[in-house]
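One structure is given below, encoded as C-alpha cells.
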Amino acid sequence: MTKKILITGGAGYIGSHIVEILVKNKKKIFIIDNLSTGHRRLINKKATFYKADINNATLINKIIIKNKIDSVIHLAANLIIAESEKYPKKYYKNNVIGTQKLLKACKNSSIKNFIFSSTAAIYKDGQYKVNENSKIKPKSVYGKTKIKCEKYIQNFCKKNKINYGILRYFNIAGSSPSGKIGLINKSDHLFKNFSREIMKKKPILKIYGNDYKTKDGTCIRDFIHVMDIADIHFKVLQKIDKIKISKILNCGYNRGTSVLEVAKEFKKLAKKKVKILVTNRRKDDLVKIIASNKKLTRFIKWKPKYNSLNKMVKSCLNWEKRQ
Ligand SMILES: NC(=O)c1ccc[n+]([C@@H]2O[C@H](COP(=O)([O-])OP(=O)(O)OC[C@H]3O[C@@H](n4cnc5c(N)ncnc54)[C@H](O)[C@@H]3O)[C@@H](O)[C@H]2O)c1
C-alpha cells in the first residue's frame, strides 16, 4: 500500500487540498514547491516541506531515495492561459522541461506510482461533452505544454514500470470546510473574482457575453469542487497502486453550469444588493465544455460529495471572508 507521497506544487491551491485529505488518511507527505505562486500559509504542518524547484533533478532524486517515497503527485506548473500566450518559453521550460526533470529524478528509485494534473484545455474547442478519446487540439500554449507532459509521462512510466494516473481536471472551485486553505490569488478565476467582488460595498458581477448559443446565452463549464478533486487523487492513487494499472481520466461532474447561474448563486448568498453586469464577449472563451466522467466513476466507484453549486459558492465566500 502506498504510504509515502511526494507532492510537487503542494503549497498551491489544489495541492494543499490534496495534502489535507492524504494527511487525514494517515499518509506521510513530502512537499516540493518553489513558492512561485504557492504560499507558506497553505503548507500543511504535518507535511515535510522542501523549498525546491522541480527542475533540480539531483536534489529531488536525493529526497526520494532518502525518504523511500513510493508515489508522486505532480501539480507544479504555471497555469495562466493568457500569460502562456505572452511567455511561451517560460511555460515550456517550467511545465515541459520541469516534468522531464522530475521524471528523471524518479528513475531507478522507489517510485511505483505517478499522478499528473492535466486539464480540459487540451481538448479541441467546440466538442460540448468530451470523453478521454475526444479530439485533442489545445488552443493555448498552456494546453500544449500539458499534452506534451502527458506523452512524456506515458512513455517514461511504461519504460520504467511505474503506474500512472493522468487526471484531466475541468474547472475547479471552492475551498476546504476546514477554512484553513483556499484560493489566494488568481486573476482569471470566475469564482475568485465573484467572491472578491461580493466583499465590496456595491458588488458588480461581470459576465462576458450573453449571446452564446446556450440555455441562457452565457458560457457553460463543468465546475468541480476542489474537495472532490482532492478525494479523486486519493482514490485513484490507491487503486492504481493496488491493481497496478495506468489510466487517463476526466475529472468533472458530467454536468454543465452556466456563468449566469454561478452569478445568480453568488447574488442569492451575498445578503446585499448585487448587480449582474453583462459586457462584451472575451476573445478566446470556449462556449461550453463538459466532462464525460464515466471512466472515472467506474474506475473508483466514485460518488461526488460536494457537487452542488450552493456548496461551492458558500465555501468560496467563507474563505474570502477570512482574507
Ligand atoms: N486551478 C484549476 O482550475 C486547474 C484546472 C486544470 C488543471 N490544473 C492544474 O492543477 C495544478 C495545480 O494548479 P493550482 O490551481 O493549484 O495552481 P497553483 O499556482 O496554486 O499551484 C501550483 C504550485 O506549483 C508551484 N510551482 C510552480 N512551478 C514550480 C516549479 N518549477 N518547482 C516547484 N514548484 C513549482 C507553485 O509555487 C504553486 O504552489 C497545475 O498543474 C494546473 O495546471 C488546475
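Can Thr2 be described as modelled with pLDDT of 95 or more and not hydrophobic (A, V, I, L, M, F, W, C)?
No.
Only one residue in Lys295, Lys288 is surrounded by fewer than 19 Cβ atoms within 10 Å (Cβ to Cβ) and of a type in the set (Lys, Arg), so which one is that?
Lys295
From the list Lys68, Lys86, Lys46, Lys51, which residue is more than 17 Å from the chain's Cα centre (by Cα), free of Cβ contacts under 8 Å to residues at least 12 places away in the same chain and assigned by TED's automatic domain parsing to the domain that holds Ile147?
Just a single option satisfies the conditions, and that option is Lys86.
Yes or no: region 44-60 includes at least one residue that is more than 29 Å from Gly143 (Cβ to Cβ) and of a type in the set (Val, Ile, Thr).
Among the residues of region 44-60, at least one is more than 29 Å from Gly143 (Cβ to Cβ) and of a type in the set (Val, Ile, Thr), which makes the answer yes.
If I go through region 270-293 residue by residue, how many of them are within 30 Å of Glu132 (Cα to Cα) and part of a loop (DSSP other than H, G, I, E, B)?
9
So which residues in region 1-17 are touching a residue at least 60 places away in the same chain (Cβ under 8 Å) and near the ligand (Cβ under 9 Å from one of its atoms)?
Within region 1-17, Thr8, Gly9, Gly10, Gly12, Tyr13, Ile14, Gly15, Ser16, His17 qualify.
Given region 118-221, what strands (runs of 3 or more DSSP E) lie entirely inside it while holding 2 or more residues that are among the hydrophobic types (A, V, I, L, M, F, W, C)?
Filter on region 118-221 gives 163-169, 171-173, 204-208.
If you take the residues of region 1-28 that are part of a helix (DSSP H, G or I) and small (Gly, Ala, Ser), which of them is surrounded by the fewest Cβ atoms within 10 Å (Cβ to Cβ)?
Looking at residues that are part of a helix (DSSP H, G or I) and small (Gly, Ala, Ser), I get Gly15.
Taking region 167-189 as the search range and keeping residues that are charged (D, E, K, R) and more than 8 Å from the ligand (Cβ to nearest atom), which one is surrounded by the fewest Cβ atoms within 10 Å (Cβ to Cβ)?
That would be Asp188.
Is there a residue in region 34-46 that is within 14 Å of the ligand (Cβ to nearest atom), assigned to a strand (DSSP E or B) and in contact with a strand residue (DSSP E or B) (Cβ under 7 Å, 6 or more places away or on another chain)?
No, region 34-46 has no match at all.
Of all residues being polar (S, T, N, Q) and surrounded by 17 or more Cβ atoms within 10 Å (Cβ to Cβ) in region 47-57, which is farthest from the ligand (Cβ to nearest atom)? Just the residue, please.
Asn56
If a residue has to be among the polar types (S, T, N, Q), more than 8 Å from the ligand (Cβ to nearest atom) and in contact (Cβ under 8 Å) with a residue 60 or more places away in the chain to count, how many in region 89-120 make the cut?
Counting residues in region 89-120 that are among the polar types (S, T, N, Q), more than 8 Å from the ligand (Cβ to nearest atom) and in contact (Cβ under 8 Å) with a residue 60 or more places away in the chain gives 1.
Looking at region 233-270 only, could you name the residues that are out of contact with any strand residue (DSSP E or B) (no Cβ under 9 Å at 6 or more places or on another chain) and more than 14 Å from Asn310 (Cα to Cα)?
The answer is Phe234, Lys235, Gln238, Lys242.
The values are calculated or read from the model by the stated rules, or taken from the named source; none is laboratory data. Worth saying up front: this structure is predicted, and the values here are computed from it rather than measured. Glycine gets a Cβ as well: all are built from the backbone with ideal geometry, and neighbour counts include every protein chain shown.
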